[in-house]
There are 4 protein chains.
Amino acid sequence: MTAINIKRRNIRTDLAIEAREMLMGEVQEEIPGVQTQTEDIGEMTVTRVHITTPDAEEKMGKKQGRYITLEAPGLRQKNTELQDTVSRQFTQELLSMLDLGPEQTVLVVGLGNWNVTPDALGPRVVKDLLVTRHILELQPETLGEGFRPVGAIAPGVLGITGVETSEIIQGLVEKVKPDALIAVDALAARNLSRLHTTVQIADTGITPGSGVGNKRMGISQETIGIPVIAVGIPTVVDAVTIADDLTDHMMEAIMQEAGKDSPIYPVIQSIAEGDKRAVMQEVLEPYGGRLMVTPKEIDTLVEDIARLLAGGINAAMHPAIRSEETGKYLH
Amino acid sequence: MTAINIKRRNIRTDLAIEAREMLMGEVQEEIPGVQTQTEDIGEMTVTRVHITTPDAEEKMGKKQGRYITLEAPGLRQKNTELQDTVSRQFTQELLSMLDLGPEQTVLVVGLGNWNVTPDALGPRVVKDLLVTRHILELQPETLGEGFRPVGAIAPGVLGITGVETSEIIQGLVEKVKPDALIAVDALAARNLSRLHTTVQIADTGITPGSGVGNKRMGISQETIGIPVIAVGIPTVVDAVTIADDLTDHMMEAIMQEAGKDSPIYPVIQSIAEGDKRAVMQEVLEPYGGRLMVTPKEIDTLVEDIARLLAGGINAAMHPAIRSEETGKYLH
Amino acid sequence: MTAINIKRRNIRTDLAIEAREMLMGEVQEEIPGVQTQTEDIGEMTVTRVHITTPDAEEKMGKKQGRYITLEAPGLRQKNTELQDTVSRQFTQELLSMLDLGPEQTVLVVGLGNWNVTPDALGPRVVKDLLVTRHILELQPETLGEGFRPVGAIAPGVLGITGVETSEIIQGLVEKVKPDALIAVDALAARNLSRLHTTVQIADTGITPGSGVGNKRMGISQETIGIPVIAVGIPTVVDAVTIADDLTDHMMEAIMQEAGKDSPIYPVIQSIAEGDKRAVMQEVLEPYGGRLMVTPKEIDTLVEDIARLLAGGINAAMHPAIRSEETGKYLH
Amino acid sequence: MTAINIKRRNIRTDLAIEAREMLMGEVQEEIPGVQTQTEDIGEMTVTRVHITTPDAEEKMGKKQGRYITLEAPGLRQKNTELQDTVSRQFTQELLSMLDLGPEQTVLVVGLGNWNVTPDALGPRVVKDLLVTRHILELQPETLGEGFRPVGAIAPGVLGITGVETSEIIQGLVEKVKPDALIAVDALAARNLSRLHTTVQIADTGITPGSGVGNKRMGISQETIGIPVIAVGIPTVVDAVTIADDLTDHMMEAIMQEAGKDSPIYPVIQSIAEGDKRAVMQEVLEPYGGRLMVTPKEIDTLVEDIARLLAGGINAAMHPAIRSEETGKYLH
């Protein structure tokens, strides 16, 4: 169907759950090769999507593997109790994806640009991590039991370093030889309602073009030889995605009002695609695809979700922190 | 006309030049009470809009007074020569709006939130200003001739301080007793092509609701008793503005394609307004009006225009800097 | 005594407890007009010094009033439990100094320069405060019961604004009309062992020349008409103080080794003062008094104590936070 | 000689010129295996020290190789003209140490901790570099002629990443395969008069324990296989160095005053070492060697010298910038 093709071309989402929704909106049934399981825990919904075939990978536009999504619309409000609940669940899901012995080393990479607020999630999370690798090597006695070696870096983006982030990471992994890598990044969603309310954890690594900026990197078990868990929260919607949605919704609204038998119906459907493209090009000029839509209060939203992720990762990494009351070592 | 009313309700611009364009798009002639003069200087266009009557103020939605706009689309590319040209012109226009003796004191206020990249223009400019008031009071001999007393502050936004920025400024003005105030702020434009390419200087002060955030402040000669020059560069477009533009353009495209005599024409026109509102509400949920559209490379764009404004203000304030080659004291 | 006069000239401390120690080191008995009370609470010592006479004020070099000091050497190590204990005690002592009705407004001022790590304590604390004044005015229902109106600002230092901080505060207080002011600042201690381990709370306001930088401000009940509680933690020792201590200790060591009856004794005593001054001038050239001594790990130390103070102030301001488990709303 | 040994144990300097001065203060003649050449250029002195033998390396405590020092005491004052002069000379000296074809790639590494103002020099310089490697690979046409591929990274310090900086750099060099590396770092000097006034360029790489923090890294041609030019400016003096200097000066002053034939002379000389150590330990407790002495206006000093170095490196890297008037592309 034409409409779908248009969508597939313009709409971008880093969330497997949204890719699935879009696809199911068309076919109205579960996609072959995609297994989905949903669980409601209080104000939070946990969805586990498993893409199991190359064909499903192709259709979804998402790599084969497991994607876990925690959704909690209440996170948009400053709700510290809900933040704790989501953080704890995030810890559990992260542990379920990693299969680590107690002494194995983990490297956490905060992707994104610290100078652009909605892209600063990765670096912000790294700032709040409990980094222990050097202490366990040099003065293990100062830490006590229950800590795993964790290293962390926020390498910056291509425009700042002149070097592909994947190259930096690969070089680092070859030297540090961690047993697993956690890559944290700000994501782009299709729907504004997902912003700052949805955590995605995936065992597929980071695929080229993901994230808020255009990072063109591929970091995955295939390229670096160790498990790569990608953790992200959407902070922006691409302007093109919203533009596309708006024009589609507008045409649907007009068609609906006019009625299926109206002479308008075929006219609109026939002119839709070309006009849409031209209109979007005109309105989004001169930035085109390089525009993001983000809430005005982006600073406090990123601050809150960065703390949630950092706290959750700290607890997942170190049993000594998991056993403490939540929040103790968040900082 | 309905279409106009829709536009007037949803579209926001802090630029007088855009308000005028929108109005003239409808009436096709110069608005009574608005005097406009345009001058092309190389790659830059200087437009001087003078709103002279209460009626024009009402129609334009902009306070009576003078608005000078420097437009240079080339600023989007890193063009240091053009940056210098615009900065020099900005200095001249700023001086033409201020009428100051050589020893009179100026206070520069950087409005906006330093934690939100597109709203950080004001604080960034303040960071690069040559602040002299304390030196001229305590050790004037270290500076030499040709410097005016300049103070500067970036007070932060309501969400950070809990205090209206206008209250902070008023208190400060009563203590410091400057002879004029320059307020620098990031602006919202209607058109993306204005972002980072257009400087507006106005002698009207800052009116409530202007700027990227919702600053609700009124700072003007009437409220603080001294001339207030507002300086700004657009860094965002409101998502609602783009949504409105997109749906309008889409409908126009459909109507144009269908032809004036098509039966579609009245149908679309009649259903337009209500549907548009519903569609926009649905797509922009749950953030509604609190969404901004901004380029992904916002960090370097803000950095560049902050330097342009800071350099221009430094030169306007201090004859010793004007006489030097440009750039010398930018920092 | 000569030695004392030398000390009084060179040694600087912002802590009343240290001023008292220095004076008592000489006179070996409690100073008239100074009441002191000490209490040990686990790993923490609470000392309450009350300067009650103009004569004691003159001798101590500290304004008449109450100074409460919490000392916990363990804070130098990252000890989250001890941090909680000190934070809770700090909340209680702060409340004991303020006498506020539940709806009265408090303004918190973070003094110091955010660009100089050891001077950034005040601004860092302000960043973590729960600011409520605007919410209680505009949308009180979003907060619920148990919150007081709190505003906060970090105005920057004279070198950044060109305006005395006291002028900025006075202007602000006249506009906002708070019922009390809390001023947070990094302090200078005499002894390195106090750095990051000692919290001082005083009801005397901030006196000129205090703090890490030279802020030359006087903010007190007399100047702004409302109670001013000064809160601070030492982050630096003046290089001159350490130099003075070193040379004094060295001479004492030599004299002790030589013995009281040695012919060296009077020689050293006679030459001491002039030489000391010359040596210190030579070694500390060309910065002289404008040098600070601070630990290399100053970043994490300031981060930790800023959280301690912010958490303690938040709990003191808002009963809703006090009743929660500690740490909940620290952020 | 005892006095010398004391000094050698306690005094730390990263400047070859100071190591030589200390050694010559003792032996009163040029050190064998060290060639030195001095040139006065206006207000600036250029000193070229060449350490040519293993024996000289051992004595100086500095690796064999070339060390160029630019000294300009006037840099402490904000003197933009002198900054330009030093920056231009720095560019020339840097080029004289590198032997690069026009298309060869250079990687610049900014060492140090961005959260500690005096240690932030390296990261600050990286921030102002013109990074071109990715542009020359992806869109060379946007740059034009006269640009070399330059990459840049500020990896952070061990306490932040948990990974030795040298490991990060080695991994990066293996991936990016640059033809040369420039490492920028804040240095420790022996004399306060060197702070912010002395630029050192060395072709020896960075040796363990250098820099403001304890970075324990060795980055040199031997370890990474490409030329490593180390660039640095002192921003701190170790507190131990100042303490050592002070006590030495004090004892010398006493001895001088007492006269060579005084009975004090042998007494003081005999008791010196042990007492000195005890006194320093007592006064510098509990931080000992982990204390730095730095000017209070460290923020503006670091800002100024970071611009000087960034401008000089940009000009050295890119002929297109060298041919422009200075300052054009500094940013």
_Residue-by-residue Karplus 3J(HN,Hα) for the range C:196-201, coefficients 6.51, -1.76, 1.60, Hz, glycine and proline x_ = 6, 10, 10, 9, 10, 10
*When ligands, DNA and RNA are left out and all protein chains stay put, how many square angstrom of accessible area per residue does the range B:1-156 have with a 1.4 Å probe?*
45 Å²
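Average projected area of the Cα convex hull of chain D, in nm²? Walk me through the numbers on the way to the answer.
Details: hull surface 73.6 nm².
In nm², the orientation-averaged hull projection of chain D is 18.4.
In Å² (nearest 100), what accessible area is buried between A and B, both sides summed, heavy protein atoms only, 1.4 Å probe?
On the way: alone 16120 and 16060 Å², together 27700 Å².
Its buried surface, counting both partners, is about 4500 Å².
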*Principal-axis tilt of helix D:80-97 within chain D, Cα atoms, nearest 10 degrees*: 80 degrees
*Write down the Kirkwood hydrodynamic radius of the range D:242-287, to one decimal in angstroms, obtained as one divided by the mean of 1/r over all alpha carbon pairs.*
11.3 Å
*asked:* Given the rotation that superposes chain D on chain A, what residue of D brings its beta carbon nearest the axis, and what is the distance in Å?
replied: D:171, 1
_Just to compare against my own numbers: the Cα pair-distance distribution for the protein assembly as shown, 10 Å bins, whole % per bin, please._
1, 8, 15, 21, 22, 17, 9, 4, 2, 1, 0, 0
*When you look at the Cβ of every residue in B:146-155, what mean number of other chain Cβ atoms sits within 10 Å?*
3
*Under unit Cβ charges (Lys, Arg +1; Asp, Glu -1), what dipole magnitude, rounded to 20 debye, does chain B have relative to its Cα centre?*
560 debye
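Rounded to the nearest 5, what % of the DSSP beta bridges within the range B:79-237 are antiparallel ones?
Values: 4 of 22 bridges.
Percent antiparallel among DSSP bridges in the range B:79-237 is about 20.
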*Report, by chain and number, residues whose modeled amide H sits under 5 Å from the one on residue C:183, excluding near sequence neighbours (fewer than 5 apart, same chain).*
C:109, C:229, C:230, C:231
*Anyone know which of B:307, B:76, B:12 comes out most mobile in the 10 Å Cα GNM of chain B?*
B:76
_For residue D:170, net neighbour charge (Lys/Arg +1, Asp/Glu -1) across residues whose Cβ lies under 11 Å away_ = -2
*Taking each label point as 7 Å beyond Cα in the direction of the beta carbon, state the distances from residue A:261 to the same residue in the other copies, shortest first, in nm.*
2.6, 12.9, 13.2
*Taking the Cα atoms only, what angle lies between the long axis of helix C:165-176 and the longest principal axis of chain C, rounded to 10 degrees?*
20 degrees
_Per DSSP helix of 4 or more residues, -39500 (n - 2.57); summed, then divided by the residues of chain C. What does that give at 222 nm, rounded to the nearest 500?_
-13000 deg cm²/dmol
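So, for the range C:242-287, what is the accessible surface per residue at a probe of 1.4 Å, expressed in square angstrom? Let's see the in-between values first.
Numbers: 2100 Å² over 46 residues.
The answer is 46 Å² per residue.
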*Per-copy distances of the residue A:104 label point, shortest first, in nm (7 angstrom along Cα→Cβ)*: 4.3, 5.9, 7.2
*Hey, what angle do you get for helix C:16-27 against the long axis of chain C, alpha-carbon based, 0 to 90 degrees rounded to 10?*
30 degrees
*Among beta bridges that DSSP assigns inside the protein assembly as shown, antiparallel share in %, nearest 5*: 60 percent
*Heads up, I need the accessible area for residue C:51: 1.4 angstrom probe, whole protein in place, Å², nearest 10.*
0 Å²
*How big is the antiparallel share of DSSP beta bridges in chain C, given as a percent to the nearest 5?*
60 percent
*What relative contact order, as a whole-number percentage, does chain B give when Cα pairs under 8 Å and 6 or more residues apart are counted?*
21 percent
*One decimal, nm, shortest first: give the distances between the label point of residue A:41 and those of the same position in the other copies, each label point 7 Å from Cα along Cα→Cβ.*
3.7, 6.3, 6.5
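Summarise the accessible area of chain A (1.4 Å probe, protein heavy atoms) by the percent that is carbon and sulfur.
Details: 5910 of 12410 Å².
So the carbon and sulfur contribution to the accessible surface is 48 percent.
What per residue convex hull volume, in Å³, comes out for the range B:235-313 when only alpha-carbon positions are used?
Details: hull volume 10.9 nm³, N = 79.
Enclosed volume per residue, from the Cα hull, is 138 Å³.
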*Cross-link reach list, aspartates and glutamates versus residue C:175, counting only Cα pairs under 19 Å and skipping chain neighbours closer than eight places*: B:164, B:167, B:174, B:222, C:103, C:137, C:164, C:167, C:222
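The values are calculated or read from the model by the stated rules, or taken from the named source; none is laboratory data. The model shown is predicted, which means the values in this text are computed figures rather than measured ones. Positions of Cβ are generated from backbone atoms using ideal geometry, with glycine treated the same way; all protein chains shown enter the neighbour counts. Surface accessibility is based on the protein's heavy atoms, side chains included, excluding ligands, DNA and RNA. Shrake-Rupley method; radii C 1.70, N 1.55, O 1.52, S 1.80 Å.
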